[in-house]
């Protein structure tokens, strides 16, 4: 007996703030890559269909996006977060090597947390 079927895998590429084409609200949109594969004995064998979509988090409207549009949206999200785009000289996806990312490491405030004043009843009886 041969067991075969289809499986859809979803990968979140980015989360962007865009103007929705349906509800006209500037909301967060998830940019997803949906891959449909043929499976044989529950093992993905052959990719059949790749689709890229954005989904509005306010109204749920789904819009198809081309590969070039998806790549430009991912680059836009990376630049707004302070990362270089893919293929740029400072990008980790070139042959350059590791790049220190902005905002890496803790604490970000640069010092010790503020000290709180002593409790007003410290050392005294409350009654």
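The values are calculated or read from the model by the stated rules, or taken from the named source; none is laboratory data. All of these numbers come straight from a predicted model, not from anything done at the bench. Every residue, glycine as well, gets a Cβ built from its backbone with ideal geometry; the counts of neighbours run over all protein chains shown.
Of the residues 35, 31, which single one is surrounded by 13 or more Cβ atoms within 10 Å (Cβ to Cβ), in contact with a strand residue (DSSP E or B) (Cβ under 8 Å, 6 or more places away or on another chain), more than 30 Å from residue 1 (Cβ to Cβ) and at pLDDT 55 or above? Write out each step before concluding.
Details: 35 fails: more than 30 Å from residue 1 (Cβ to Cβ).
That would be 31, the only listed residue that is surrounded by 13 or more Cβ atoms within 10 Å (Cβ to Cβ), in contact with a strand residue (DSSP E or B) (Cβ under 8 Å, 6 or more places away or on another chain), more than 30 Å from residue 1 (Cβ to Cβ) and at pLDDT 55 or above.
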Revision key, fill the gap. Among residues of region 23-44 being over 19 Å from residue 73 (Cα atoms) and not in a strand (DSSP E or B), the residue nearest to the chain's Cα centre (by Cα) is 23
Study note, to complete from the structure: Residues in region 1-20 that are in contact (Cβ under 8 Å) with a residue 40 or more places away in the chain and more than 17 Å from residue 76 (Cβ to Cβ) total 1
Revision key, fill the gap. In region 55-80, residues that are assigned to a loop (DSSP other than H, G, I, E, B) and either touching a strand residue (DSSP E or B) at 6+ places or on another chain (Cβ under 9 Å) or surrounded by 13 or more Cβ atoms within 10 Å (Cβ to Cβ) (or both) total 5
